[in-house]
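The structure appears below as C-alpha cells.
The values are calculated or read from the model by the stated rules, or taken from the named source; none is laboratory data. Predicted, not measured: the structure shown is a model, and the values here were computed from it. Note that we place each Cβ from the backbone using ideal geometry, even for glycine, and neighbour counts take in every protein chain shown.
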Amino acid sequence: MKIVVAIKQVPARDSLLKVDASGTWIDDVDLSWEINEPDAYALEAGLQLREASAGEVVVLCSGPDRATQTIREALAKGADRAIHIRSDETAADPLALAHTMAKALESEKPDVILTGLQSDDLGYGQTGVILAEVMGYAHATLVMSIETVAGGIRIKRELEDGWFQHVELPLPALLTIQSGAAKLRYATLMGIKKAKSKEIRQVEAGTAGSAPSVRLERIYLPQKSKRSQIFEGTPQEAAAKLVDKLRFEARVL
C-alpha cells in the first residue's frame, strides 16, 4: 500500500509574530519552524497503517528550502521518502495548493492520502477535501483510526457530543486525521541517521499546478480598546446586570 502524508512547516507555537513591512504576511526573519501539529498526527496515522498493512509512506510538503528541515524530521520518524514542492508562496490558497499537490502526485498514484485537519498558521481546514475532489478520491474527515478490509479501508470518525461513526471506503481514498487521535512517536537516533540518505524528490511549484486565485490584502493585530460601564440601581440589581453581561456578552460564565 502506498501512503502519502501531506505535511506543512509552520512557525513554532511559542514564536513572537510580527507583521512584515508589506502588511500582507508575518516577518519570518527570526522565527523558528516546526511541523504543523495536525499533520504530525496524520504522519503517525500513516506510519501505523504501513506497519499494519506493509507498503511505504511518502511525505509531501510544499514550501521554501527551509522546509527540508521539517521533511527530514518526518523521514527520521519513519517515512520512506519525500516529495518537496519548492515554493515561496507562503499563503497560497487551498484550491491552488490542491492543484499543485495533485500535479506532483500524478506519477505516484497513492492508495491513501492523509492530511492534518487544518494548518496552525492559516487554519483553512480545506486543502485535504479539495485535494480529494481534484484527484477524484473518496474522502472522510475527522478520522480517529484506520484499518484495512477486503476491497478498501474501514475508518472511525469523530462526530459531536461523544458520538462516533464507522465507515467503509473504497481505495484510493483521502482522509483528514483528527488531532490527538494517537500518541506521537519521537525520532530515534538511528532514524535521524537514516533520514540523511533517504530520497527527497524536488518539484518546482511553477510547473506543478495553477496560479493562486486568492490573495491576502492585509493582516493586522486586533485593535485593543477599554470601556467602562456603570450599573445603576441597588447592589442586587447591579450584580444581576453584571452577571448577565459576563454570561451573554463576555461569555465567561
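Remarks
- Residue check for Ser179: within 30 Å of Gly136 (Cα to Cα), in a loop (DSSP other than H, G, I, E, B), under 21 Å from the mean Cα position of the chain (by Cα) and modelled with pLDDT of 80 or more: yes
- Of all residues in the range 103-115 being modelled with pLDDT of 95 or more and not in a loop (DSSP other than H, G, I, E, B), the one that is farthest from Arg154 (Cα to Cα): Thr115
- In the range 226-253, the residues that are in a helix (DSSP H, G or I) reach residues that are at pLDDT below 90 and among the aliphatic types (A, V, I, L, M) with C-beta atoms within less than 8 angstrom, at least six apart or across chains, in these pairs: Val243/Leu253; Leu246/Val252; Leu246/Leu253; Arg247/Leu253.
For (1) charged (D, E, K, R); (2) within 22 Å of Ile3 (Cβ to Cβ); (3) surrounded by 10 or more Cβ atoms within 10 Å (Cβ to Cβ), each residue gets a yes or a no:
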{"site": "Ser145", "(1), (2), (3)": "no, yes, yes"}
{"site": "Asp161", "(1), (2), (3)": "yes, no, no"}
{"site": "Ser179", "(1), (2), (3)": "no, yes, yes"}
{"site": "Ile192", "(1), (2), (3)": "no, yes, yes"}
{"site": "Gln229", "(1), (2), (3)": "no, no, no"}
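- Residue match in the range 126-142 (condition: closer than 15 Å to Ala40 by Cα and of a type in the set (A, V, I, L, M, F, W, C)): yes
- Which numbered condition Arg13 misses (of (1) surrounded by fewer than 24 Cβ atoms within 10 Å (Cβ to Cβ); (2) not in a loop (DSSP other than H, G, I, E, B)): (2)
- Of everything in the range 143-155 that is among the hydrophobic types (A, V, I, L, M, F, W, C) and in contact (Cβ under 8 Å) with a residue 40 or more places away in the chain, the residue that is farthest from Ala45 (Cα to Cα) is Ile153.
- Every test in (1) crowded, with 20+ Cβ neighbours inside 10 Å; (2) modelled with pLDDT of 95 or more; (3) within 20 Å of Ser32 (Cα to Cα) is passed by Arg72 save one, and that test is (1).
- Subset of the range 147-159 [of a type in the set (Val, Ile, Thr) and loosely packed, with under 13 Cβ neighbours inside 10 Å]: Val149
- Here Ser22 passes the criteria (1) touching a helix residue (DSSP H, G or I) at 6+ places or on another chain (Cβ under 9 Å); (2) loosely packed, with under 15 Cβ neighbours inside 10 Å except the one numbered (1).
- Unmet requirement for Asp120, which otherwise passes all of (1) touching a helix residue (DSSP H, G or I) at 6+ places or on another chain (Cβ under 7 Å); (2) part of a strand (DSSP E or B): (2)
- Scanning the range 95-140 for residues that are farther than 30 Å from Leu17 by Cα and among the polar types (S, T, N, Q) yields one hit, Ser107.
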